[in-house]
Every structure is written in structure tokens, then in C-alpha cells.
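The values are calculated or read from the model by the stated rules, or taken from the named source; none is laboratory data. Remember, it's a predicted structure, so these values are computed and weren't measured experimentally. Glycine also receives a Cβ, built like all others from the backbone with ideal geometry; neighbour counts cover every protein chain displayed.
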Amino acid sequence: MADVAKAAGVSISTVSKVVNGRDGISGQTTERVREAIGLLGFDASLGARSLHGSQTHVIGVLARELQEIDASLLTGISSTLSRTNYDMLVFDGKSVSSAHGWEMRSLTRLGSLIDGALILEPTGPINCGDRPVIMVDPDVHCSIPTVAIDDAHLGALAAEYLLGLGHRHVAVATDSSRGRRARLREQGFRRAMSAYGTPVSSAHVVDVGSADGPVAVARILADANAPTAFFSSADEWASKVMAMVGAVGLRVPEDVSVLGSGDDPGVLTTRHSLSTVTHSRRETGAMAARSLIDLLEGRPFDPHAETQSAAVVPRGSTVAPVG
């Protein structure tokens with residue numbers, strides 16, 4: 001502030017008044033101080049702002065492991081905030097040790113440096129008190145505001161795609177360790193299949209995460225009424241199904257189609273051939289940023305908003321059934 005005062009030819013107290021938006025400074029003097037601020041690249045520190053009890057105009061974006069977060073989600077947040085007077089501070093929760101409870105420890109670490117927070121893909125419920133926080137794509141039930149993908153809608157799109165190809169006998173590959181979001185996708189898929197008069201048989205729901213998963217897949221593929229396609233609520237499980245189908249001497253997609261969901265970049269071995277249902281993570285990030293700003297500024301918002309920006313990505317693992 002002393003450097004700014006010297007460059008503008010004013011006192012340090014005058015610089016302080018301009019920075020903090022106080023009255024009593026002429027327009028000409030204010031402009032001179034702002035020009036000096038621009039030339040010197042000056043800004044008040046977040047710590048100083050928080051000590052004064054004022055807003056920092058910084059949004060915390062918290063992730064358990066930043067490298068596992070899709071970059072387009074962060075892009076959606078950043079592009080939305082760029083049109084406001086809020087900045088973004090990204091915090092990697094790995095620095096707060098164990099996975100359990102990382103959300104609250106991250107919030108505590110940032111403290112008053114941020115006005116509010118977006119917690120990306122939280123894995124546990126938290127009690128934020130009166131702190132402005134929005135959970136983004138939580139895999140647990142949350143009583144505080146959330147922004148999420150409409151996973152049931154994503155599952156319904158998967159059903160419509162397979163039915164459109166001509167599949168009428170479809171199996172569901174699941175995993176006993178699946179979370180809330182996976183269950184919602186499966187529910188949406190099975191509801192849509194039933195609505196079109198082609199319900200999924202309970203005998204054609206297989207837990208590919210269990211030890212007897214390969215045996216169960218082989219058994220249902222040997223049925224007289226064997227499924228011509230598999231749907232899985234996660235690409236990881238869909239890739240397992242592809243391997244299990246190959247293990248019994250059948251081919252994907254010539255004999256059996258396989259459709260995943262999520263467009264998971266972590267599924268490296270099959271991602272480029274696996275058909276999947278994806279969603280716009282960028283739109284999710286943008287919606288989350290808009291919701292948090294509305295919350296901070298006292299405007300009405302949907303405390304449990306969902307985006308339906310999903311689409312099927314056909315690749316090499318799905319074709320029309322033979323015969």
C-alpha cells in the first residue's frame with residue numbers, strides 16, 4: 001500500500017479507503033489510486049481481508065483428489081465465475097490425510113479465506129452449519145444444497161438407445177459396492193425398459209464385482225433366452241463384462257453388445273471401443289457456480305438442482321442384434 005501511495009502521490013490511508021470502497025475520496029484521486037494499483041499489480045491479501053471480517057470474493061473448490069476430477073467440471077466453474085467478481089481457489093483434499101472426513105477438514109483449513117465452497121464429488125455427509133456450501137455430484141444423501149447429474153435420466157437414455165438398436169433382452173451388470181448414483185442409473189434404466197414393455201428379468205441382473213461374476217455371466221449367456229446386450233451403470237463394470245463375454249468364446253459386439261455409462265477416462269483399456277452414456281460435466285460445474293453465487297447473494301435457487309445434459313456416445317461395443 002505504501003508503494004501504491006507513493007506512485008499515486010497520496011497517503012496510505014487514502015489508498016486504504018479506495019481499496020475498501022469507503023466514501024470521502026474524490027473521483028479524480030480514486031482514479032489515480034486505481035491506475036497505480038493496476039501498474040503495480042497490487043491486491044489486498046486474502047488473510048488481510050478475512051481479518052477485517054469482509055468478503056474475500058473467493059469461492060473454494062474442494063476435491064478429494066484433484067487429478068481424478070474431470071477438467072471440464074473445473075472449466076464450467078471457472079468460466080461462470082469469470083463473469084462475476086468472484087475468484088476461484090482450488091484445494092486438493094489429499095493434503096488433509098485420510099479419505100474419511102476430508103470435506104470438513106478441507107473447509108476448516110480454508111476457514112475465512114473463502115466466502116463459500118463447492119465440494120466436488122463428496123463421499124460422506126457433512127454438517128456445514130451456516131456456511132454457504134454446495135455439494136457437487138455427491139454419492140451420498142445430503143441435507144445441504146446439491147447440484148448433480150440426473151442419473152435416473154441417464155439410465156433412461158441408455159435404455160432408449162439399446163431399444164432403438166433393436167435389443168429386447170438386456171442384462172444389467174452391477175456391483176454390490178455401488179453407490180447411490182449407480183443405483184439411480186440402474187433404476188432409471190429398468191423403469192424405462194419396463195415402460196416400453198421389455199422389463200429386465202431379475203435372472204439377468206449380475207454382480208460382476210463378486211467372485212462368481214464370471215460364472216454368472218457365462219450362465220445367463222448360455223440361457224435359451226440369453227440377453228443380446230448388457231448395460232452397466234459404470235464403465236469400469238462394463239469393461240469387466242466385455243472381458244467375461246470374451247472368456248466364454250463370444251464376441252463384442254457381434255454376439256453381445258455392451259453399454260457403459262459415465263465415459264470414465266480411467267477406463268483406459270476399453271474406453272475408445274466402449275459405447276457409453278456421458279453427461280456434460282462442464283454444465284454441472286457452471287450450474288454449481290451459479291447456485292453458490294445465488295446462495296451467497298441471497299437470491300432464490302434450487303437447493304437440489306439436477307442437470308439432464310446427458311447423451312449416448314456410440315463406439316464399437318454396441319450394434320443391432322443379429323436375427
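Would you confirm whether any residue within the range 278-300 is over 26 Å from residue 138 (Cα atoms), at pLDDT 95 or above and either under 31 Å from the mean Cα position of the chain (by Cα) or surrounded by fewer than 19 Cβ atoms within 10 Å (Cβ to Cβ) (or both)?
Checking the range 278-300: not a single residue is over 26 Å from residue 138 (Cα atoms), at pLDDT 95 or above and either under 31 Å from the mean Cα position of the chain (by Cα) or surrounded by fewer than 19 Cβ atoms within 10 Å (Cβ to Cβ) (or both).
Among residues belonging to the range 305-323 that are over 14 Å from the mean Cα position of the chain (by Cα) and part of a strand (DSSP E or B), point out the one that is farthest from residue 184 (Cα to Cα).
313
Looking only at the range 9-32, which residues are at pLDDT 85 or above, in a helix (DSSP H, G or I) and either surrounded by 15 or more Cβ atoms within 10 Å (Cβ to Cβ) or among the aromatic types (Phe, Trp, Tyr) (or both)?
Residues satisfying the conditions are 14, 29, 30, 32.
Within the range 172-197, how many residues are over 26 Å from residue 140 (Cβ atoms) and buried (at least 16 other Cβ atoms within 10 Å of the Cβ)?
Number of matching residues: 1.
Give all pairs with beta carbons closer than 9 Å in which a residue from the range 116-144 that is assigned by TED's automatic domain parsing to the domain that holds residue 63 and farther than 25 Å from residue 185 by Cβ meets a residue that is of a type in the set (Ser, Thr, Tyr) and not in a loop (DSSP other than H, G, I, E, B); count only pairs at least 6 apart in sequence or on separate chains.
Pairs found: 117/106.
For residues that are in a helix (DSSP H, G or I) and of a type in the set (Val, Ile, Thr), scanning just the range 79-128, find the one that is nearest to residue 60 (Cα to Cα).
Going through the qualifying residues, I end up with 108.
Kindly establish whether residue 320 is small (Gly, Ala, Ser), surrounded by fewer than 19 Cβ atoms within 10 Å (Cβ to Cβ) and outside the structural domain of residue 238 (by TED's automatic domain parsing).
Working: small (Gly, Ala, Ser): yes; surrounded by fewer than 19 Cβ atoms within 10 Å (Cβ to Cβ): yes; outside the structural domain of residue 238 (by TED's automatic domain parsing): yes.
Yes.
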